[in-house]
1. What are the ³J(HN,Hα) couplings of segment 176-189, residue after residue, when phi is run through the Karplus curve with 6.51, -1.76, 1.60 and θ = phi - 60°? Round to Hz, x for glycine and proline.
2. Tell me, how many Å apart are the Cα centres for segment 151-171 and for segment 194-258?
3. Over 20 Å between Cα atoms, which of Lys96/Lys145; Lys83/Lys198; Lys83/Lys145; Lys64/Lys217; Lys145/Lys198; Lys198/Lys218 qualify?
4. If you wrap a convex hull around the C-alpha atoms of segment 147-216 and split its volume per residue, what is the figure in Å³?
5. Below 14 angstrom from the Cβ of Ala178, what's the summed charge of the other residues (Lys, Arg +1; Asp, Glu -1)?
6. Once amide H atoms are built 1.01 Å from N in the peptide plane, which residues 5 or more positions from Asp156, or in another chain, come under 5 Å H to H?
7. At a 10 Å Cβ-Cβ cut-off, how would you order Val173, Val197, Val146, fewest neighbours first?
8. Could you calculate the FRET efficiency of Leu296 with Ser70 from 1/(1 + (r/R0)^6), where r is the beta carbon distance between them and R0 is 45 Å, rounded to 0.05?
Amino acid sequence: MAKILKIFIILLVLGTLSSGTYIWSATRNLQLSEAPLQSQPVVQLPNKSSRVILPVNIDLSQQKQRLISSVPAQLHSIDERHKGCAKIDLGIVKTKKCENFHITGSVRQTGLSLTGEGNALVLHARIQTEATASASGEIAKLILKVLNPRGRATADVTARLTVDIDSQWNPVVNANLAYTWTNDPVIEILGSVRIGVKGEVEKALNRELPKMVEQLKKELAQSLDLHGHVQQAWQALDQPFSMQEDPPVWLTIKPSKVLWTGIHLDGDWLRSTVGFEGPINIYLTDTEPETSTNPLPDLQRVDSNRIQSELNLQLPMQLRYEAPAAAINKELAAQPFYHD
């Protein structure tokens, strides 16, 4: 019984894979004779949905350099008046004298950098502040000899620009205005005068970061052009591909979804993964099958572990009858066949 079932399965597979016919003879042993292949109209083998992966890797080093260059070096100017007091030697007696001093200086950013981390560009800036006190008059000059007329402060500040693409294919950039400081940049001058510039620096960055956001959006729209790249791949996938000429076999991919893992920034590189999901179809036909490309749909955000490649195919095979017929006849020869 097992051998008869085995023969039936072999015949069923052969009937599925080719278009010939089987000729049986009513003798004690069934004999399978060769039959010619027959021509058929278009045959489409159904398939489950498949997924094709398109990696996206873009070097952002030039764009980052343009963003850095757009930030002015000087963020703030110091122009204040403060009173300074000191004991000075007038030759006969030492006495305490006070004068109003004009304090001028600048707050500059140096060593500005942008580093990709996850979904954000992290802005690092070294803030250097310098100020000098000046005054006219002999008493003021004597006081400056006693007091420190110059002050300097240094600190590092960090800000984050998050980067993404929305479902309509538009770049999205947001600036996080919650700054991180390594220390509070305070100038100490004239002995007891303390000038803090943290607030002024943050005001300056609040003016500059929105400009960087808009510029980064434009840079990404031009350099990334995710919609344009995906559109080309979308149309290319839908074109019939000739797998074999004799007999003619065609393959088409009919994408219906565009999957997207989001943006990952790594140093100078923007990386992501796009997945096309749809059935992969096999056609057995003499002429190229007709296709119609669907419009590119909205992006569908998925986790990275859900966007692995997956192919589901049913491939046609063409076999000549001689080889399987010999195996089948061998099996049939061992089985008695009774016909009333």
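1. 8, 8, 8, 7, 10, 10, 6, 6, 8, x, 10, 8, 10, 8
2. Using only Cα atoms to place each centre, the spacing works out to 19 Å.
3. In this structure, Lys83/Lys198; Lys145/Lys198; Lys198/Lys218 exceed 20 Å between Cα atoms.
4. Per-residue hull volume (Cα only) is 85 Å³.
5. Taking every Cβ under 14 Å from that of Ala178, the sum is +1.
6. Those qualifying (amide H under 5 Å, at least 5 residues apart or on another chain) are Ile127, Thr182, Asn183.
7. Placing the least packed residue first, the sequence is Val146, Val173, Val197.
8. Once the sixth-power term is evaluated, E becomes 0.85.
Here, each number is a calculation from the coordinates, and none is a lab measurement. Everything numeric in this text was worked out from a predicted model, so none of it was measured. So basically every Cβ, Gly included, is an ideal-geometry build from the backbone, and we count neighbours across all protein chains shown.
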